[in-house]
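Asks: To start, I am sharing the structure in question, which I have written as structure tokens.
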Amino acid sequence: MTAQTMLGKPLAAAVKEDLRARVAALAERGSVPALGTVVVGDDPGSLAYVRGKHRDCAEVGLASVQVRLPADVDPAELRERLLQLNEDPACTGYIVQLPLPAHLDESAVLELVHPDKDADGLHPTNLGRLVLGTAAPLPCTPAAVLELLRASDVELDGAEVCVIGRGTTVGRPMGLLLTRRSENATVTLCHTGTRDLAAHTRRADVVVAAAGVAGLVDADMVAEGSVLVGVGITRTEDGLVGDFHPSVLEKAALVAPVPGGVGPMTRAMLLRNVVELAERHPVAG
Ligand SMILES: NC(=O)C1=CN([C@@H]2O[C@H](COP(=O)(O)OP(=O)(O)OC[C@H]3O[C@@H](n4cnc5c(N)ncnc54)[C@H](OP(=O)(O)O)[C@@H]3O)[C@@H](O)[C@H]2O)C=CC1
Ligand SMILES: Nc1nc(=O)c2c([nH]1)NC[C@@H]1CN(c3ccc(C(=O)N[C@@H](CCC(=O)O)C(=O)O)cc3)C=[N+]21
Ligand SMILES: [Mg+2]
């Protein structure tokens, strides 16, 4: 079997097309939603991602504002800036680009983002809403994976899904999304303590790999005809490498590649969260 690919760019373009119309409708009511980004330090990778996010905003008619702070910023100063964004009516929602420098407590920082301005869906209140099944901005990457699977009509009801990774931004919320009644999948969350990873990936109908270990899963570890979604990204001299070894293409039915799969959709889901926050909490002006 030679796998078909699930491409993120055309799907992201369709989402952006829909968002453009919704942003125009908001503008007609006098509301121009804006995304804020907060970057601490000058990691070139983080700055490149954030530049992309501002470009995406411009494409759909969203305003955007960037806050940059030095790598050694005082936690109290960072807190002050976030509280300002929470109060700023011109900022609909914002993200704090991760990872943060080691002297800052990531969980404590994410908790400072007002839940109604949480464009990443990573505030504990919003993660709690995901657990409870009530309305909340969804974490962008798991939402992106779900949209890719839906667009390819992948059956999730009753499916065995193996998620590799229990990180807060991808693996853990991915499991929460897939086990909602509306998705109805049976999920196995794997991590470095998993005794026999291959045993879990082999019996899965769908494998979502969010470990960040290049080539972690090869053809021998997946079922014939399975659906594979690559999330983890490793930067090498030869470019970006995903968690699936290229050999899986001979065995899988459908593969979301790295790059070109989940990444572009993650960015579209961030825009969707901002537009949904604006639709839910319209600001007059
Ligand atoms: N395409 C996209 O849009 C996005 C891609 N990413 C990428 O996804 C990856 C994961 O991100 P994030 O969740 O933040 O990372 P984390 O480091 O928080 O999580 C990685 C997870 O993978 C697990 N893991 C690592 N190695 C193995 C292994 N050999 N076998 C089994 N499990 C393993 C870890 O286990 P343990 O908990 O035991 O340490 C951990 O739970 C990264 O490469 C990141 O760059 C992230 C966001 C968006
Ligand atoms: N608060 C916060 N929210 C995030 O959502 C967040 C974050 N911090 N920190 C870093 C990770 C990583 N992440 C990606 C987004 C898009 C691509 C993406 O567009 N990837 C392209 C390739 C891009 C390239 O060439 O570098 C692709 O896979 O095709 C990748 C990774 C979001 N993250
Ligand atoms: Mg993490």
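Throughout, read-outs are computed from the coordinates displayed, never taken from laboratory work. From a predicted model like this one, the values you see are computed outputs, not experimental measurements. Positions of Cβ are generated from backbone atoms using ideal geometry, with glycine treated the same way; all protein chains shown enter the neighbour counts.
Asks: Compute a Gaussian network model of the chain, connecting alpha carbons closer than 10 Å, and tell me which residue from A144, A71, A256 fluctuates the most.
Replies: Result for the chain, Cα springs under 10 Å: A71 fluctuates most.
Asks: Taking the Cα centre of the chain as the origin and placing charges on Cβ (Lys, Arg +1; Asp, Glu -1), which of L156, F244, V38 is farthest toward the positive end of the dipole?
Replies: Farthest along the dipole direction, towards plus: L156.
Asks: Still on this structure, please answer the following. If you build a Gaussian network model of the chain, linking Cα atoms that sit under 10 Å apart, which residue out of G212, G193, G158 swings the most?
Replies: Of G212, G193, G158, the most mobile in the Gaussian network model is G193.
Asks: With charges set only on the Cβ (+1 for Lys and Arg, -1 for Asp and Glu), what does the dipole of the chain come to about its Cα centre, in debye to the nearest 20?
Replies: The calculated dipole for the chain is roughly 440 debye.
Asks: Turning to a different aspect of this structure: Please report the equivalent ellipsoid semi-axes of region 30-120, computed as sqrt(5 x eigenvalue) of the Cα gyration tensor, largest first, in whole Å.
Replies: Taking √(5λ) for each eigenvalue gives 21, 16, 10 Å, largest first.
Asks: Here's a follow-up. Going toward the positive end of the dipole of the chain, with +1 on Lys and Arg Cβ and -1 on Asp and Glu Cβ, which of L216, T201, V262 do you reach last?
Replies: V262
Asks: Right, next: Counting trypsin sites (Lys or Arg not before Pro) as exposed when in a DSSP loop with at most 16 other beta carbons within 10 Å, what is the longest stretch of the chain free of them?
Replies: Numbers: sites that count: R29, R180, R181, R195, R203.
The longest uninterrupted stretch comes out as 30-179.
Asks: About its Cα centre, what dipole magnitude does region 89-245 give when the only charges are +1 on Lys and Arg Cβ and -1 on Asp and Glu Cβ, stated in debye to the nearest 20?
Replies: In debye, rounded to 20, region 89-245 gives about 400.
Asks: In units of 2.2 N^0.38 Å, what is the alpha-carbon radius of gyration of region 110-180?
Replies: On the way: Rg = 12.4 Å, N = 71, 2.2 N^0.38 = 11.1 Å.
That ratio works out to 1.12.
Asks: Tell me, what ³J(HN,Hα) does each residue in region 166-182 have, in order and in whole Hz, if you take phi through Karplus 6.51 cos²θ - 1.76 cosθ + 1.60 with θ = phi - 60° and put x for Gly and Pro?
Replies: Values per residue, Gly and Pro as x: 10, x, 5, 8, 10, x, 4, x, 4, x, 5, 5, 5, 9, 4, 4, 5 Hz.
Asks: To the nearest 500 deg cm²/dmol, what mean residue ellipticity at 222 nm is calculated for the chain from DSSP H runs of n ≥ 4 alone, each contributing -39,500 (n - 2.57), summed and divided by the residues?
Replies: The per-residue figure over the chain is -12000 deg cm²/dmol.
Asks: A further question follows. May I ask for the net charge around A223, where only other residues with Cβ less than 12 Å from the Cβ of A223 are counted and Lys, Arg are +1 while Asp, Glu are -1?
Replies: -1
Asks: Further question on the same structure: Using alpha carbons only, how many degrees (0 to 90, rounded to 10) separate the axis of helix 140-151 from the longest principal axis of the chain?
Replies: 50
Asks: Further question: Which of these, D120, D218, D105, has the largest mean-square fluctuation under a Gaussian network model of the chain (Cα springs below 10 Å)?
Replies: Looking only at D120, D218, D105, the largest GNM fluctuation is found for D105.
Asks: So which lysines can K16 reach, going by Cα to Cα under 18 Å and dropping same-chain residues fewer than 8 places off?
Replies: Partners within reach: K53.
Asks: Also: Name the long-range amide H neighbours of T5: under 5 Å, sequence gap of 5 or more, or other chain; modelled H, no Pro or chain starts.
Replies: V255
Asks: Now for a different question. I want to make sure I understand the PRE zone here: with the label point 7 angstrom from the Cα of H54 toward its beta carbon, which residues in region 30-44 have backbone N atoms less than 17 Å away?
Replies: 34-44
Asks: Rounded to the nearest 5, what % of DSSP beta bridges with both residues in the chain are antiparallel?
Replies: Antiparallel bridges make up about 10 percent of those DSSP assigns within the chain.
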